[in-house]
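S.K.: Let me give you the structure first, and then I'll get to my questions.
The values are calculated or read from the model by the stated rules, or taken from the named source; none is laboratory data. What you see is a predicted model, and the numbers here were worked out from it, not measured in a lab. For neighbour counting, all protein chains shown are included, and Cβ atoms are generated from backbone atoms with ideal geometry for every residue, glycine included.
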Amino acid sequence: MTDNNIESDSAAADRDRRWRLVLGDPAADDFPALGGADLAMDNALAALYDANGGGSRKGGLGKSAPSVARWLGDIREYFPSTVVQVMQRDAVERLNLYALLTEPELIDSIEPDIDMVTTLIGLGRAIPASSKASARALVRKVVDEVERRIADRTRSAVGAALDRAARVNRPMLRDIDWNATIGRNLHNYLPEQKTVVPERLVGHGRRAQVVSKDIILAIDQSGSMARSIVYASIFGAVIATMRSVRTSLVVFDTEVADLTDELDDPVDVLFGATLGGGTDINRAIAYCQSLVARPEHSIFVLISDLYEGGVRDEMLKRVAQMRADGITVVVLLALSDEGAPSFDRDIAAALGAMGVPAFACTPDAFPDLLAVAINRGDIVGWADANELSQRGMEG
């Protein structure tokens, strides 16, 4: 068989595959069976374009927020961004998502649901202008609920960590930490007096109203990170209210967007995010490095599945440089209740080898993670103790 014949056969097979995807299930008997990614693409198309009885397939997303969120993730994975934009607009019209986004009565009846927020973020600019106010109202409802759940815990854990970081050995009487002082002076126990002679006092210094820690949150905008963006935005907003912490929030794909000025309203942050597209972690880290003014007092939290579309080796060098400069670096594969998404194991292992932990973290555990980072503790050991995913450290 000649090279021309091989090319001709390949072109014919590709043409048949495309026609099968265009025509759908009714043409299944006339073309070779689909498999792998082609089958997934066919299912995504069926859910949208066959949902109203146009073919024999039983598609349809219904009004289930989780199924819509999964479908949006699928189309971002299998189709180019221009096609995704068309399918999202079609979804709003064909699947009656208008009703969900435009009727205040329906929005008022919906329980706060993180899946619905990720759906709305995924739809992004496809939400019609007349529906944006209703969409924001629903997102606000969810954000307020999550913030109520995490705010006190976050401020308590981070505040206590800052206090511990400010410990002094010559405290005023009212600032003495008696448990820490006794523990530090047990070697001075006098059995006959049944007492401890406190040779060294340990206590908390009175912190002036100055910034003691800089926290930089950098969030990957790829589709699988939707929940992480929601939670990180809310945490960032909560932490930003603490006067002793300077908080920066950056989201990125192939471009970098600094949303720090929006932190007073996490809803603005969420509508400023754009899910999908490529990923340039190296570029994002380079930008975050420019935000660091006090390395020894800075904590950099990268939230990403680590699929790097930029320069991999340069990205790892930047992380190593951050570590060498004294910056505390943490990599979260996810900040959600769903566990770690699919992620680049090679990069995660390379980070682990240089002492940077890479694991998934639940929202409830994130305040404690920040507390450990503030006090420069053993984050890897803490993650093990809290039964968090250490998949990034495997192999």
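S.K.: Looking at (1) at pLDDT 80 or above; (2) not in a helix (DSSP H, G or I), which one does Pro341 not meet, given that it meets all the others?
M.R.: Every listed condition holds for Pro341 apart from (1).
S.K.: Let me ask you something else. Using beta carbons and a limit of 6 Å, which pairs, at least six apart or on different chains, have the first residue in the range 312-334 and closer than 15 Å to Ala286 by Cα and the second one assigned to a helix (DSSP H, G or I) and among the charged types (D, E, K, R)?
M.R.: That search, which allows pairs on different chains as well, returns Val329/Arg323.
S.K.: Still on this structure, please answer the following. Which of the following residues is surrounded by fewer than 17 Cβ atoms within 10 Å (Cβ to Cβ) and within 30 Å of Phe79 (Cα to Cα): Glu255, Glu308?
M.R.: Just one listed residue meets the conditions, Glu255.
S.K.: Now a separate question. I'd like to check something: does the range 309-325 contain any residue that is within 20 Å of the chain's Cα centre (by Cα) and either part of a loop (DSSP other than H, G, I, E, B) or of a type in the set (Phe, Trp, Tyr) (or both)?
M.R.: Yes: one or more hits.
S.K.: While we're on this one: Test Ala293 against the stated conditions and say whether it is surrounded by fewer than 17 Cβ atoms within 10 Å (Cβ to Cβ), in a loop (DSSP other than H, G, I, E, B), modelled with pLDDT of 90 or more and not assigned by TED's automatic domain parsing to the domain that holds Val117.
M.R.: yes
S.K.: Let me spell it out: the conditions are (1) at pLDDT below 90; (2) surrounded by 16 or more Cβ atoms within 10 Å (Cβ to Cβ), and Gly278 meets all of them except one. Which number is the exception?
M.R.: (2)
S.K.: Just to be sure, is Leu306 in contact with a Leu (Cβ under 9 Å, 6 or more places away or on another chain) and on the phi > 0 side of the Ramachandran plot?
M.R.: Spelling it out, Leu306 is indeed in contact with a Leu (Cβ under 9 Å, 6 or more places away or on another chain) and on the phi > 0 side of the Ramachandran plot.
S.K.: Would you mind stating whether Val245 is within 30 Å of Ser81 (Cβ to Cβ) and at pLDDT 80 or above?
M.R.: no
S.K.: What are the residues in the range 342-371 that are surrounded by 21 or more Cβ atoms within 10 Å (Cβ to Cβ) and in contact (Cβ under 8 Å) with a residue 60 or more places away in the chain, if any?
M.R.: Pro363, Pro367, Leu370, Ala371
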